[in-house]
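Just below is one structure, and these are the notes that go with it.
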């Protein structure tokens, strides 16, 4: 279950910004480390097509209020509602 759902922006290394909605969740932290976190990102209808080439690449995830987190795209799922990117957090959770 998502612990945080909001509008967000994926920022690629080349500066491309993709608007959308993100649902993020975290798991219990390991002793002495950052808690692992992950989520799904659904690009807005008018967003630039990210495509399959995003899988395995790192992005910055920008949340409202200016918080950011580093993520890697794990997979791309397509369906009736459009594309959804599965994300895995790489550093401290931004939420």
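The values are calculated or read from the model by the stated rules, or taken from the named source; none is laboratory data. Being a predicted model, the structure only gives us computed values, none of them experimental. Cβ: placed from backbone, ideal geometry, glycine included. Neighbour counts: every protein chain shown.
For this structure, a couple of remarks:
- Members of region 79-95 found to be free of Cβ contacts under 8 Å to residues at least 24 places away in the same chain and either surrounded by 18 or more Cβ atoms within 10 Å (Cβ to Cβ) or assigned to a loop (DSSP other than H, G, I, E, B) (or both), listed by number: 80
- Test: residue in region 23-43 that is at pLDDT below 90 and not in a loop (DSSP other than H, G, I, E, B): yes
- Residue within region 7-18 that is surrounded by fewer than 17 Cβ atoms within 10 Å (Cβ to Cβ), in contact with a helix residue (DSSP H, G or I) (Cβ under 9 Å, 6 or more places away or on another chain), assigned to a strand (DSSP E or B) and modelled with pLDDT of 90 or more present: yes
- Which listed residue, of 60, 38, 54, 23, is surrounded by fewer than 17 Cβ atoms within 10 Å (Cβ to Cβ), touching a strand residue (DSSP E or B) at 6+ places or on another chain (Cβ under 9 Å) and within 17 Å of residue 11 (Cα to Cα): 60
- Whenever a residue of region 8-32 is without any contact (Cβ under 8 Å) to a residue 24 or more places away in the chain, its partners that are in a loop (DSSP other than H, G, I, E, B) and surrounded by fewer than 17 Cβ atoms within 10 Å (Cβ to Cβ), lying with C-beta atoms within less than 8 angstrom and at least six residues away or across chains, give the pairs 21/44; 23/2; 27/35; 27/36; 28/35; 29/35; 29/36; 30/36.
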